[in-house]
Each structure stands twice: as C-alpha cells, then as structure tokens.
Amino acid sequence: MPHPDRLAAILAGERTALARAISMLENDARGAAALRAALRGRCGRAHVLGITGAPGAGKSTLIGALLGAFLGRGLKVAVAAVDPSSPVSGGALLGDRIRMGSHAGHENCFIRSLSARGQLGGLSASTGAVVDLLDAAGFDTVIVETVGAGQSEVDLARLADTRVVLCPPGLGDEVQALKAGILELADLLVVSKADHPLAGRTAAELRDMLALRRHGGAHPGAGTWQPRVLEVDAAAGTGLEALLEAIEEHRRAIGCGRRLQAREAEADTADTAALCARLAARDPFVTSLGGEFAGARPGAAEVALAIRAQHLNFNGTCHGGVIFALADTAFGLASNSRGRLAAGIDAHVTYHSAVHEGERLLARAREISRSRKLAVYRVDVERADGTLVAAFTGTVFITGAHPAGEGTSSRSAGGA
C-alpha cells in the first residue's frame, strides 16, 4: 500500500505526485503493484477519449485544439501521449508536448508523454495503469494519443470510451487497406486538414465504407451508436464544435469505464495469479530448486529463492546457473500468464554482483513488448534491499495452445 500522504497527493491531482507515480508505473518499479491495487475501486468517472491515426495525420494538433475547448468549459483534462522511443535513452521523444505546450501550464491540465518502448499496438505497456491513475486523480477527461497507428494496431479499442480515428485527406484506395483495422473500431472518423482539396472526397469515401459496414453487420461493441464522419481543420477551428458535440453525444450514449468492464470480464474467465501458481507447483525443477511463487498479473510474475548451501559454487557464492534458473522461471511464468503456451526461443543474462548463502532473491519478470506471435520480457533479480543482482531478457514464441493441464492441450508448460 502506498504511503497515505503520497496516495492522498495523487488523488488530489498534485502534479509532482502524479509525475513520480507515472514514472513508477512506467518502469514497473518497486511499489508499482501496490499503487495499482490502491487505485482499484477509485476509477470509472473519467471519460477516456482515444485519438489515433496514421503518422502525420495531425493528432497532436487536434488534441491541442480539444484541450483549449475542454479547458474553456471548465473541465479538468489530462493527456497521455504515447511517443516513439528514443533510440538512445529508450524514453519518449516528447514531440507532443511541443505541440500542446500552450496549455501545459493551465491549472486544470496535465500532459505526460509516455515512451512506447517497443510495444506494438500504438500504446505503451503502462498506458492503462497511467489512465487509471489520472482517472483516480479526478480528471474529467483523459485523452490518450497513440503512436502513429496502422491497420493492426487496435489496442486503443480496449482502453478508450470514445475512439476517434484521424484520417488525412487523400487516403484514396488506402481506405480499403485500412478498413479491416483501426477504421472498423472507430466511433468517430475525422478527416483532418478540412481545407485540403481532397478532404471532401476522403470524407465521402469513408461514409461509403460505413454504409457497407452497416449492411455487413453491426459495429463491434457499438450498441446502438452509428459511427459518423466529420471534417475538421484543427488549426483554424473549423468543424471543432461539431466534433465536440459528437464526442459528448457518444459519451452520453456509451458512458465511461469501458476498459474497467473489459477487465472485469477477463477476471471472470481467468485468474492470472492462480494460473501461475498452478504452473509453478507442477514444475519439478522449480520445486527442486526451492523457488517460491510470489505473485503474478497478466504479463508479469515474481519468484523468490532463499540461497542455501546447495545453491553455492566452488567459490562459496551462489552459482550463476541458479540465478539464471530463477530468472528463467519468472520468465516462463510471466510469458504463460495469459493462458497461451509460450515457448522460449532466446535468452540473455548479465550478472552484477555476487550472492551469498542466507540471502534472499526476488526475480521480477515483466512484459516489454508483445505481438501476435512474439513477446519480449525483462527479468530483474534483486536482493531484499532492492540491489540488482542480475538482469535477464528473453523472447518467446506464442502458440495457440494452452499450458499443460490448462485447457485441451497436453503440451509442456515451460516458457523458457
């Protein structure tokens, strides 16, 4: 549980507290899991507005215009803008802050750039937790901007209450290539740069696409809502009021907290911690090693080990193979935590310090990136005081089977 004063500062929306908490969630640092738990039950009031689209479509410019409009109506607004990762530091490139900078100092506005860190799907691995934090902190609207998204990058659909897909003029035949992906998940399709000569034609093509979709079946998860097409020139303000009205109309029709409902549905069908505990208990090697399952959530797992005489090498320190095996065990559980068998195809470990008998180690595995078939994980092996002992990275191939004993598959549950 976070310190009461720290949690109170977060819930009060204090900027410094929010910034530090977001960094903790992004890095999955010690205390992040406790913070996530403390935020449960405090979310569901904010309207989450997702903005996605191709690179260069004008997402940041549109968000800047929406910020001004929302703030002008007296609303508290936060932005979580997912930026490409810096190839040098791994952090966000912060391009969105430049475009939205005129609102950054407003007392009712909070803007944070998040690094994608190689995550596929247009969001970062921590975006959902950051949205929960901003929701609990009392913001009325939380705007999420994705990295420039393509056909298959539809993670925003599971997170946002209202999903806006921005389409630059002149898509032409590209509409046919895109319509099976993000366009089909849109609640609102917005043609940007409405002053462009091809904007009207693009809007007409999108409306034709929607008409074909209605004949072919209902909009996924839309209920009675019919997606619509709007033309907006954010720089000039043209069409902005119509977009604001459409966003509000959708909010009234659909409500808030779509992501929370999806999580509850997932929780009804799978208990991640229980699944990983069963997998660990059925692993003879983990049992012989003395590893102790310490917890799990989707894409993450922790395993502890008390170092005894049997774990020492000829120099009297913990054998490197034992440390590798501990990290590999956490890697295997984390990669199988989603209920699909994951087979390890690559692993690498670096050792930072020696370990002695009587010390206790904790291996903390977390998912760094995930696609349909591959996922990458990092495992930090730490002493009880948080000192890093070893760092492990591993890649898995995701199969369509279930781990052994978890469904119809009889294949091995080993993930690494």
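The values are calculated or read from the model by the stated rules, or taken from the named source; none is laboratory data. This structure is a prediction, so every number in the text was calculated from the model and none was measured. All Cβ positions, even for glycine, are placed from backbone atoms using ideal geometry, and neighbour counts span all protein chains on display.
Observations on the model:
- For region 126-141, the condition holds for at least one residue, the condition being that it is over 23 Å from Gly255 (Cα atoms), modelled with pLDDT under 90 and either hydrophobic (A, V, I, L, M, F, W, C) or in contact with a helix residue (DSSP H, G or I) (Cβ under 8 Å, 6 or more places away or on another chain) (or both).
- In region 269-307, the residues that are among the hydrophobic types (A, V, I, L, M, F, W, C), free of Cβ contacts under 8 Å to residues at least 12 places away in the same chain and closer than 16 Å to Gly321 by Cα: none
- Annotation note: Cβ proximity below 7 Å between a residue of region 369-388 that is under 16 Å from Ala125 (Cβ atoms) and touching a residue at least 60 places away in the same chain (Cβ under 8 Å) and a residue that is in a loop (DSSP other than H, G, I, E, B) and of a type in the set (A, V, I, L, M, F, W, C) (sequence gap 6+ or interchain) occurs for Ser369/Leu120; Arg370/Leu120; Ser371/Leu120.
- For region 343-354, the criterion of a residue being more than 20 Å from Ala273 (Cβ to Cβ), in a strand (DSSP E or B) and within 20 Å of the chain's Cα centre (by Cα) is satisfied by no position.
- Residue pairs meeting the criteria (Cβ under 6 Å; at least 6 apart or on separate chains; first at positive phi, in region 179-204; second at pLDDT below 90): Lys193/Pro169
- Helices (runs of 4 or more DSSP H) contained in region 1-84 and holding at least 2 residues among the β-branched types (Val, Ile, Thr): 15-27, 59-72
- Qualifying position, being at positive phi and either outside the structural domain of Asp346 (by TED's automatic domain parsing) or surrounded by fewer than 24 Cβ atoms within 10 Å (Cβ to Cβ) (or both), among Gly299, Gly320: Gly299
- Selection of region 272-324 for residues being farther than 16 Å from Ala365 by Cβ and of a type in the set (S, T, N, Q) yields Thr287, Ser288, Gln310, Asn313, Asn315, Thr317.
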